[in-house]
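What follows is a single structure, written as structure tokens, with notes after it.
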Amino acid sequence: MTTMKHLIDIMQLTTEEIDEMIDTANDIIANPDQYAEKCKRKKLATLFFEPSTRTRLSFEAAMYELGGNVLGFSEAQSSSAAKGESVSDTIRTVGAYADIIAMRHPKEGAPMVACRRSTVPIINAGDGGHNHPTQTLTDLLTIKREKGHFDGLTIGFCGDLKFGRTVHSLMAAMSRYDNVKFIFISPDELRLPEYLKEDILDPKNIEYVETTDLEDAMPQLDILYMTRVQRERFFNEQDYIRLKDSYILTPDKLADAKDSLSILHPLPRVNEISTAVDDDPRAKYFEQVRNGKFIRMALILKLLEVK
């Protein structure tokens, strides 16, 4: 198997590579002490041109738990981008100080530009509304730990399916497994983009349904993937206000759900999942957060070719 230099898009990974990283993450969970110095004297740079809490801290925690060090910035105004420096120049400069870079940027395609100029591995930690491959790896690890398999699942995506990069990435990744069915639940204005249906779902004859009714879809679901309506992706504040509370998951809406349902959310949550749902054993979004650290540890090891 050839060594993967960067991770920009989840579809770069084969299912075998995903399985390998999930196995590594599970081994880290079971045997954390064996990994405590795997990246000793290695440095991760976190270049976050867009706000983040979970993803940035998850990367930092992952590197620290591997015995490495972290440098970087958490907003564009803290970097030379505020002076007009290009992404390419920033990457070439930081590559002189770090062994691997995790980068988040509001512009789609920025990590691809970065990897063409970088001398060290680049991890896309989110680029605009386009892609978020490490969140998808987190989601896949969580699904595998909860369900034991990927084949034959019915997955409901609810909320902002138009701008939701986590939805786009996970749907693409899950489309490669057998007998997977998708139910897309959203307001008409936030439906899944047509190009994703045309490029990914239709060529594979994958079964999917589009609906505005969450409760009607609920009994069919093995996974419910809730998302927030993202204020930062809207050009019109009135549109955001009108759509932001389209779906709010409450205990009564779970009345007809399977006992085996797993509720996921990439977070941050605003109010699309009531806090009353948090104590339901089917709520798995905080386990999801924890899994993010372990799968990022596995990814860092893979890209740095650490055994």
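Got a sec? Which of L47, L7 is without any contact (Cβ under 8 Å) to a residue 60 or more places away in the chain, of a type in the set (A, V, I, L, M, F, W, C), within 23 Å of V94 (Cα to Cα) and open to solvent by less than 70 Å² (accessible area, probe 1.4 Å)?
That would be L47, the only listed residue that is without any contact (Cβ under 8 Å) to a residue 60 or more places away in the chain, of a type in the set (A, V, I, L, M, F, W, C), within 23 Å of V94 (Cα to Cα) and open to solvent by less than 70 Å² (accessible area, probe 1.4 Å).
Can you tell me how many residues in the stretch 246-297 are out of contact with any strand residue (DSSP E or B) (no Cβ under 9 Å at 6 or more places or on another chain), of a type in the set (D, E, K, R) and under 24 Å from L190 (Cα atoms)?
Adding up the residues that qualify gives 1.
What strands (runs of 3 or more DSSP E) completely inside the stretch 83-177 contain at least 2 residues that are open to solvent by 10 Å² or more (accessible area, probe 1.4 Å) and not acidic (D, E)?
Of the strands (runs of 3 or more DSSP E) lying wholly inside the stretch 83-177, those with at least 2 residues that are open to solvent by 10 Å² or more (accessible area, probe 1.4 Å) and not acidic (D, E) span 100-105.
Specify which of the listed residues (K147, K162) is out of contact with any His (no Cβ under 9 Å at 6 or more places or on another chain), of a type outside the set (V, I, T) and at pLDDT below 95.
After applying the criteria, what remains is K162.
Among the residues of the stretch 205-248, write down those that are part of a helix (DSSP H, G or I), modelled with pLDDT of 55 or more and open to solvent by less than 40 Å² (accessible area, probe 1.4 Å).
Answer for the stretch 205-248, where residues must be part of a helix (DSSP H, G or I), modelled with pLDDT of 55 or more and open to solvent by less than 40 Å² (accessible area, probe 1.4 Å): L214, A217, M218, L243.
Quick check on the stretch 249-307: of everything there that is basic (K, R) and in contact (Cβ under 8 Å) with a residue 12 or more places away in the chain, which residue is least open to solvent (accessible area, probe 1.4 Å)?
R296
Looking at the stretch 18-55, which of the residues that are closer than 16 Å to T138 by Cβ and modelled with pLDDT under 95 is nearest to the chain's Cα centre (by Cα)?
Per the stated criteria, the residue is T55.
Can you confirm whether R191 is under 22 Å from V289 (Cα atoms), open to solvent by 30 Å² or more (accessible area, probe 1.4 Å), within 22 Å of the chain's Cα centre (by Cα) and at pLDDT below 95?
In short, no.
Filter the stretch 259-307 for residues that are over 20 Å from L44 (Cα atoms) and of a type in the set (D, E) and give the result.
Residues satisfying the conditions are D259, E272, D278, D279, D280, E287.
The values are calculated or read from the model by the stated rules, or taken from the named source; none is laboratory data. Model, not experiment: these values are computed from the prediction. Positions of Cβ are generated from backbone atoms using ideal geometry, with glycine treated the same way; all protein chains shown enter the neighbour counts. With ligands, DNA and RNA removed, areas are computed over all heavy atoms of the protein, side chains included. Shrake-Rupley method; radii C 1.70, N 1.55, O 1.52, S 1.80 Å.
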